[in-house]
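Visitor: Take this structure first; my questions come after.
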Amino acid sequence: MKILSLRLIIALIVGVTLVSLASSWYEVRTTKDALRRELESKAETLGQSLATGAEAPLQAGDTARLELMIQRSTNHDHVLGIGIYGRDGIPLVVTPGLGSLISGAPKLMSDALHGNRTVSEFVRSHLKRTHMLVAPIRTADNKVIGEVIVVQDATYIRTEIIRAWSRFFLRIAIQVLVIASITLLVLRWSLTGPIARISLWMKALRTGRHAVQPTAQDLNLLSPFANELAPLAESMQQARAAAEAEARLRNINESLWTAQRLADHVRNRLNGSNLFVVSNREPYRHIRQDKKVKVTVPASGLVTAIEPILRACHGTWVAHGSGNADADTVDIHDRLQVPPDDPRYTLRRVWLSSEEEDGYYNGFANEGLWPLCHIAHTRPTFRTSDWEYYNTVNQKFADAVVEEIAGEEHPVVLIQDYHFALLPRLLKDRLPHARVAIFWHIPWPNAESFSICPWQRELLDGLLGADLIGFHTQAHCNNFLNTVDNVLESKVDWEHFSIERNQHRSSVLPFPISVEFVEDRSEAQTGMNAEEERSALLLELGIEATYLGVGVDRVDYTKGILERFQAVESLLERYPKYQGKFTFIQIGAPTRSRIKRYADFQAEVRAEAERINDRFKRGKWKAIVFKNREHTHEEVQRYYRAAHLCMVTSLHDGMNLVAKEYVAARQDERGVLILSRFTGAARELHDAIIVNPYDIESTAEAIAQALEMNVSEMVDRMRRMRRSVRERNIYWWAGSLIRELCELRLKQKGYTNISVIRKAQVER
Ligand code: G6P
């Protein structure tokens, strides 16, 4: 602040001084010119009158009269000397001392004589400033017969100038002093004072001491800055919590992936390039309801996974703008900064017509590819018109990505999911310098199942535009390699898990996706432990129960929700002691409701819950609570923390992040996870109770086992699962994917053994 004040004051002093100097200089110059003109005019008048008066006495050789004339004139102001000379330049009459003053006069005299005109100039002689005028003495017929010389003292002009400068300097000094003092006072009142108080506040926040918030007046003065302070204070608190968590973890000798580590890693790996993520689903949707616009976060495993990465690495996320107020919240380039309350990265929205959305999203992606890739016994539907829309929309996204990437030297593009199988090729053709990866978030079926798709060749060709193709598990990678082997002319390298085609190599590798693992999602958030949270939730739901189970899903036929309800029914049949005691809460976000299969499924789930509830009706207890709406992340966390068990019974699932979210939420190391063996998560979370969701009775037994599990076993299992999720969290996933992608670029020139890199990656 001192430096700022100093700079401001110096700038003001220099500015005021320069302006004053310029105006003073102008004034001085005008005064000087006026004084000189006045002296010149006096000399002219005197010289002319002497020259006129001298003609007759000169012709008559009357030197006495000439002498009398010049004697009379010497008492004029400033006159130093006067002389009258003959035509030959011989002095006739001169005042005493004139000789020493006119050392420069011969030239003037000869100019006047030969030019027959009056000449004058300012001369410095013997350290004296003088003005010298020579006027010719003419006869009536204009013949020059002699000259008059008048010498005046010009020193007084300089004295006047010096006086004027002194006055000006005094005025400048007073101005500078007044301006600097006023500036200092204003700075102190409105800037340094409030900033000092705010900085004390920030310091207290930083050091974790009690902080007194500055007054509204202080904050008002700095309003643009003040708007940032509350989030900044919160970020500081979060950063301190993260640093403490890291320090704790360092103590137990663990090196974990955190947002910061990922950000550093990405910065290193990308070496100044930017990260571009493409997905169909956007992370923030603006919805207009009752004339108000609100922001919602869509229920999607993909959003849960990708959002923390963009927060950490900034970059740009290109996605479909699907909210009814989305278009009102973007700039002219269809961009906005998100998260809305703490902007960290750019969201670029792409607009689709309802026909495009219907054909590409509802049709080809969700009625075709989704059931094709999930073995859940719903028949895929492939329509030519949907396929055409799928092509159009992939092209539209390619255009948007190319626009965003313009000017990037080495862009890195991470494409998400089955909505964009054609995008890698479209991008690579236009941006061969971009490093392109696609991550397929859903399972890849075996080659025979995939061959149902009439456009399997085109889809595979599109995907093989990518440098890296990622799946959750090695089994899905193997299925993909087999499919390509069966369908396309290409060289499948089973040793290095890559495919060479048209002189381009795509690596096909597993990257099990995960969630953010927040170390300190402490009770502090709600101030409640699991037991208290349970009581609070039951009160809100208006039911009574002793044990709680929870399931969190989009209401999708692949999630095994009906099987789960039937397992609860079977538990209540087999273990009547749980009737009136065990309640299963299903949080079910509506999804893809414009597709008939989904609308029907939603109704089936509701009917099944009602049927079971009717069957076991008892007082204020309910067997199943079906909460059929979107829930915020914070709401879901409460259920996770309160539930004795969480059920993930997908019939087929690429990974399933609910399983990992539940584990991450159980900071108390309690709770049991029941997990379908048909999820990717079952390959990592070995301490869950693994079930076959089609086997209703065994799943019922799993619920009983969970409810009866002793605390030490529960803690052991949860602790091991938490270690796994903590170590392989979402930052680890993104870090591995980006590292692999950057390595692959190096491999284009010389072949590097992938298995060596992968081994190093696992060790890291
Ligand atoms: C699940 C899948 C993702 C998929 C997403 C789409 O989360 O695991 O692979 O991208 O659903 O859901 P949406 O609601 O966008 O259709």
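Visitor: One-quarter of the Cα convex hull surface for the chain, in nm²?
Guide: Spelled out: convex hull of the Cα atoms, projected over all directions, averaged, 54.7 nm².
Visitor: Related question: Between Arg167 and Ser199, with labels modelled 7 Å along Cα→Cβ, what's the label distance in nm to one decimal, could you check?
Guide: 4.6
Visitor: Same structure again: Just for region 540-727, what percent of DSSP beta bridges are antiparallel, to the closest 5?
Guide: Roughly 5 percent of the beta bridges in region 540-727 run antiparallel, per DSSP.
Visitor: If r is the Cβ-Cβ distance from Thr381 to Lys2 and R0 is 45 Å, what FRET efficiency results, to the nearest 0.05?
Guide: 0.05
Visitor: Counting only the heavy atoms of the protein chains, how much of Ser724 is accessible to a 1.4 Å probe, in Å² to the nearest 10?
Guide: The value for Ser724 is about 30 Å².
Visitor: I would also like to ask the following. Using a Förster distance of 45 Å, how high is the FRET efficiency between Glu573 and Ser354, based on the Cβ-Cβ distance and rounded to 0.05?
Guide: Details: r = 47 Å, r/R0 = 1.04.
E between Glu573 and Ser354, to the nearest 0.05, is 0.45.
Visitor: If you take the Cα atoms of region 540-727, find Rg, then find the Kirkwood Rh from the mean of 1/r over all pairs, what is Rg/Rh?
Guide: 0.94
Visitor: Write out the GluC sites (Glu not before Pro) in region 479-562 meeting two conditions: DSSP loop, and at most 10 other Cβ atoms within 10 Å of their Cβ.
Guide: Within region 479-562, the qualifying GluC sites (Glu not before Pro) (loop, at most 10 other Cβ atoms within 10 Å) are Glu489, Glu495.
Visitor: Give me the Kirkwood hydrodynamic radius of region 463-560, using the inverse of the mean 1/r over all pairs of distinct Cα atoms, in Å to one decimal.
Guide: It works out to 18.1 Å.
Visitor: Would you mind checking the radius of gyration and Dmax of region 275-510 based on alpha-carbon positions, in Å?
Guide: Calculated on Cα positions, Rg and Dmax stand at 17.7, 59 Å.
Visitor: So for the chain: antiparallel DSSP bridges make up what percent, rounded to the nearest 5?
Guide: Close to 50 percent.
Visitor: What is the dipole size for the chain, taken about its Cα centre, with +1 at each Lys and Arg Cβ and -1 at each Asp and Glu Cβ, in debye to the nearest 20?
Guide: Here the chain has a charge dipole of around 2020 debye.
Visitor: How large is the Kirkwood hydrodynamic radius of region 6-159, in angstrom, based on all distinct alpha carbon pairs?
Guide: Kirkwood radius, region 6-159: 17.1 Å.
Visitor: Suppose only helical runs count, i.e. DSSP H with n ≥ 4. What mean residue ellipticity at 222 nm does that imply for the chain under -39500 (n - 2.57) per run, divided by all residues and rounded to the nearest 500 deg cm²/dmol?
Guide: Working: 25 runs with 377 residues, N = 764.
Dividing the helical sum by the residues of the chain leaves -16000 deg cm²/dmol.
Visitor: Stretch Ala475-Val186 to full length: gain in nm at 0.36 nm per residue minus the Cα-Cα span?
Guide: On the way: separation 289, 0.36 × 289 = 104.04 nm, distance 7.05 nm.
Taking 0.36 nm per residue and subtracting the Cα distance, the gain is 97.0 nm.
Visitor: Per the Debye formula with a single identical scatterer at each Cα and no solvent contribution, what log10 I(q)/I(0) holds for region 85-184 at q = 0.22 Å⁻¹?
Guide: -1.08
Visitor: For Cα pairs less than 8 Å apart in space and 6+ apart in sequence, what is the mean separation divided by the residue count of the chain, i.e. the relative contact order in percent? Intermediate values should be presented prior to the final figure.
Guide: Numbers: 1242 pairs, mean separation 67.5, N = 764.
Once normalised by length, the contact order is 9 percent.
Visitor: Between His686 and His333, what is the label-point separation in nm under the 7 Å Cα-to-beta-carbon projection?
Guide: The two pseudo-label positions are separated by 5.0 nm.
Visitor: How far, in degrees from 0 to 90, does helix 301-313 lean away from the longest principal axis of the Cα atoms of the chain, to the nearest 10?
Guide: So the inclination is approximately 30 degrees.
Visitor: Further, regarding this structure: Spin-label point model (7 Å from Cα, Cβ direction): what's the Asn710 to Arg138 distance in nm?
Guide: Inter-label distance under the simple model: 13.8 nm.
Visitor: Charges on Cβ only, +1 for Lys and Arg, -1 for Asp and Glu, centred on the Cα centroid of the chain; of Ala434, Val487, Gly368, which one is farthest towards the dipole's positive end?
Guide: Farthest along the dipole direction, towards plus: Ala434.
Visitor: Using only the C-alpha atoms of region 398-546, find the volume of their convex hull and express it per residue in Å³.
Guide: Normalising the Cα hull of region 398-546 by residue number yields 221 Å³.
Visitor: So if each residue of separation counts as 0.36 nm, and I subtract the Cα-Cα distance between Glu635 and Ala22, what length gain in nm does that give?
Guide: That works out to 213.7 nm of additional length.
The values are calculated or read from the model by the stated rules, or taken from the named source; none is laboratory data. No experiment lies behind these values; they were computed from the predicted model shown. So basically every Cβ, Gly included, is an ideal-geometry build from the backbone, and we count neighbours across all protein chains shown. Only protein heavy atoms, including side chains, enter the accessible area calculation; ligands, DNA and RNA are left aside. Shrake-Rupley method; radii C 1.70, N 1.55, O 1.52, S 1.80 Å.
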